[in-house]
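The values are calculated or read from the model by the stated rules, or taken from the named source; none is laboratory data. Just so it is clear, the structure is predicted and the values come from calculations on it, not from any experiment. Glycine gets a Cβ as well: all are built from the backbone with ideal geometry, and neighbour counts include every protein chain shown. When the accessible area is computed, the model is the full protein with side chains, heavy atoms only, and any ligands, DNA or RNA have been set aside. Shrake-Rupley method; radii C 1.70, N 1.55, O 1.52, S 1.80 Å.
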Amino acid sequence: MAKDKERDLAQILYVDQGLTAKEIAVKVGVSENTMTAWVNNGNWKDLRTAKLSATKVQVDNLKSIINDLATERLNLYQELNERTTNEERASQIRERMAKIDDSVSKWNKTLESVNKEGKISLKDTIIVVEDILKEMSAIDHNLYLRLVDFFQAYINNLAAKK
């Protein structure tokens, strides 16, 4: 099809980069109606939601929040120790530091929870790999034969880590 490249680029921009359909239509050079059809027919909204809610994305976001709080806490600590002679300001800094400490503790608990919930069991991994190989066998048997060894090594590697 003439629009395959445009559709593939549009999908990347929509799913991976989070651009709006209107923005993509302009960038890719297609109508908004075409974009709407691609988004709906390709289930791009579901793909984008799944990608955004993926454990790695959530973990990265949580780590960024914790890092920002830690940076703020360190800056306050430096201010308290180096420049604060005003007792009222020192009290405000200590109060803010205590709130940050509490927030970091809560965000860390959330991070631990997301990490725990996001773990994919070995059993589920094996089921998915078997499904992929079954489909691949029907589509391209030679590729299937090459992938069997790869996936076996992958699963063995995962099992060794558990």
**Q.** Gaussian network model of the chain, Cα within-10 Å springs - most flexible of K51, K27, K106
**A.** K27
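Rank R48, R89, R94, R146 by accessible area, highest first, at a 1.4 Å probe radius? Mind dumping the intermediate values first?
Details: R48 50, R89 85, R94 120, R146 160 Å².
Result, largest first: R146, R94, R89, R48.
Measure off, as a whole percent, the carbon and sulfur share of the 1.4 Å-probe accessible area of the chain, all protein chains present.
On the way: 6190 of 11930 Å².
On the chain, the fraction of accessible area on carbon and sulfur atoms equals 52 percent.
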Q) So what does I120 come to for accessible area, using a 1.4 Å probe and Å² rounded to 10? A) 110 Å²
Q: Kindly report, to the nearest 10 Å², the accessible surface of M136 as traced by a 1.4 Å probe over protein heavy atoms only.
A: 40 Å²
Q: Under a 10 Å cutoff between Cα atoms, tell me which one of Q11, Q78, Q58 has the largest fluctuation in the Gaussian network model of the chain.
A: Q78
Q | Calculated Rg and Dmax of the chain using C-alpha coordinates, Å | A | 24.5, 76
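Give the calculated FRET efficiency between E72 and A37 to the nearest 0.05, with a Förster radius of 41 Å applied to their Cβ-Cβ distance. It would help to have the intermediate numbers written out before the result.
Values: r = 46 Å, r/R0 = 1.13.
E between E72 and A37, to the nearest 0.05, is 0.35.
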Q: Considering only K22, K134, K109, give the residue with the highest GNM mean-square fluctuation for the chain, with springs between Cα atoms whenever their separation is below 10 Å.
A: K134
(Q) Can you show me the helix-derived [θ] at 222 nm for the chain, built from DSSP H runs with n ≥ 4 at -39,500 (n - 2.57) apiece and divided by the number of residues, rounded to the nearest 500. (A) -27500 deg cm²/dmol
